[in-house]
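Since the structure comes first, as structure tokens, the remarks are kept for the end.
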Amino acid sequence: MGSQSLLVSGGPFGFHGANNKKVCAMSNVEFPNTAIGLPSDAAERRAIPPVICYPNETLPKPDLPQYLSARETAQKTDEVLVAPRQAACFRVAAGSFFRITSVEGPQVGDLNLWNSADLSERFFSGKTRALHGTHVTAGERLWSSLPHLRPMATIVADSLGWYGIDSYGGSVHDVIGTRCDPYTGNLLAGGHYHHCCHSNLTRALADELGTSLAEAERHVHDVLNVFMCTGFTRDTGQYFMKASPVRPGDYLEFFAEIDLLGALSACPGGDCGAEHTSDSAACHPLLVEVFTPDDTVLDGWQSPARNGYDGSHGRS
């Protein structure tokens, strides 16, 4: 079979030589004979069409006209400027809006959200990805963790909505990446870099809550990568990043479905075109603004209820 490359268990492997040993392309290590070559019906198996895991046609739809009408009456009530390679917390009442804006230069932000009254309810990037896709935009929602599983925020405006999916398969505002963190940095390269988004978010939350770093760290979770342009390589399936198309004045705006505590890190990777775990990239601040609408505009609106599953898990 020569060195024909196969995708096995989600990663790239080649089958080589008479012994048909499996070789991991990343490490060039030969594995024991765990497969017996290419099956005769390989093409048929690969040709089976995919199905969507979570068809979302029945998801509760946000009332976007009502939200946008409320936005027209909203006045700015707070703002936080997030310094480069730092993070900051902000609070947004249910029924208000918050906007994240690039103000000086191309910059990616890592966003965490919690129910401000119960930090165990937090943004669930994995389920958001499963419901909406790898990247999110206007009209889509950020969902909370189990057992709550309800909308935390709805995206109402996205100045990069024009970007779509590029020729590399990349798009913006991803719910793929977890956040840059010092543990992975140490694992891959050694050292102790302290301004990864994970550490930035941990410090900011500890300061906001008046708790220890250890207590705050357990609440930090997988992020929405605001403005980050990412995807998966077609040949190896690896997570890639490329320079963000964000420019000063670009923004992503949300409607708060519940009372929120947010934390935003201005990623040390800047536009994430080359680096994300060092001080080498050019970094810029990000602006978070909170807007509160007129009290009467959202008459009849209520925060979404917690998920309706009875919690019995099959036991009475």
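Restricted to the range 264-314, and to residues there that are of a type in the set (A, V, I, L, M), in the same structural domain as His219 (by TED's automatic domain parsing) and assigned to a loop (DSSP other than H, G, I, E, B), the residue that is nearest to the chain's Cα centre (by Cα) is Ala274. Contact map, the range 186-202: residues that are over 15 Å from Pro84 (Cβ atoms) paired with residues that are assigned to a loop (DSSP other than H, G, I, E, B) and β-branched (Val, Ile, Thr), Cβ distance under 8 Å, separation 6+ or inter-chain. Pairs shown: Ala189/Thr277; His198/Val220; Thr202/Val220.
Looking only at the range 248-268, filter to residues that are surrounded by 24 or more Cβ atoms within 10 Å (Cβ to Cβ) and in contact with a Cys (Cβ under 7 Å, 6 or more places away or on another chain); which one of those is farthest from Gln86 (Cα to Cα)? If we take residues in the range 248-268 being surrounded by 24 or more Cβ atoms within 10 Å (Cβ to Cβ) and in contact with a Cys (Cβ under 7 Å, 6 or more places away or on another chain), then Gly262 is farthest from Gln86 (Cα to Cα).
Consider the range 224-263 and keep the residues that are assigned to a strand (DSSP E or B) and small (Gly, Ala, Ser). The one that is farthest from Glu208 (Cα to Cα) is Gly231. Whenever a residue of the range 72-88 is in a helix (DSSP H, G or I), its partners that are buried (at least 19 other Cβ atoms within 10 Å of the Cβ), lying with C-beta atoms within less than 9 angstrom and at least six residues away or across chains, give the pairs Glu72/Pro293; Thr73/Pro293.
Which residue pairs have Cβ atoms closer than 8 Å, lie 6 or more positions apart in sequence or on different chains, and pair a first residue in the range 166-185 that is on the phi > 0 side of the Ramachandran plot with a second residue that is surrounded by 21 or more Cβ atoms within 10 Å (Cβ to Cβ) and of a type in the set (Phe, Trp, Tyr)? Sorted first by the residue in the range 166-185, then by its partner, the pairs are His173/Phe227.
Per the listing Asp295, Asp207, Asp279, the residue uniquely modelled with pLDDT under 95, farther than 30 Å from Gln66 by Cβ and surrounded by fewer than 19 Cβ atoms within 10 Å (Cβ to Cβ) is Asp279.
Of all residue pairs spaced 6 or more apart or on separate chains, those with beta-carbon atoms under 8 Å, a first member in the range 246-258 that is small (Gly, Ala, Ser) and a second member that is in a strand (DSSP E or B) are Gly249/Thr101; Gly249/Ser102; Ala256/Val92; Ala256/Phe97; Ala256/Phe98; Ala256/Met152; Ala256/Ala153.
Here are some conditions: (1) surrounded by fewer than 20 Cβ atoms within 10 Å (Cβ to Cβ); (2) closer than 18 Å to Gly177 by Cα; (3) modelled with pLDDT of 95 or more. Arg234 meets all but one. Which one does it not meet? Every listed condition holds for Arg234 apart from (3).
Rundown of residues vs (1) in contact with a helix residue (DSSP H, G or I) (Cβ under 6 Å, 6 or more places away or on another chain); (2) in a strand (DSSP E or B); (3) hydrophobic (A, V, I, L, M, F, W, C); (4) buried (at least 18 other Cβ atoms within 10 Å of the Cβ), yes/no style:
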position	(1), (2), (3), (4)
Gly95	no, no, no, yes
Asn112	yes, yes, no, yes
Leu119	no, yes, yes, no
Thr137	no, no, no, yes
Leu142	yes, yes, yes, yes
Pro147	no, no, no, no
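(1) at pLDDT 95 or above; (2) more than 19 Å from Asp181 (Cα to Cα); (3) crowded, with 16+ Cβ neighbours inside 10 Å; (4) out of contact with any Leu (no Cβ under 6 Å at 6 or more places or on another chain): which one isn't true of Leu287, the others all being true? So the condition that Leu287 fails would be (4).
In the range 120-133 there is at least one residue that is assigned by TED's automatic domain parsing to the domain that holds Gly177, at pLDDT 95 or above, over 23 Å from Leu209 (Cβ atoms) and in contact with an Asp or Glu (Cβ under 6 Å, 6 or more places away or on another chain).
The values are calculated or read from the model by the stated rules, or taken from the named source; none is laboratory data. These numbers were taken from a predicted model, which means no experiment stands behind them. Note that each Cβ is placed from the backbone with ideal geometry, even for glycine, and that neighbours are counted across all protein chains shown.
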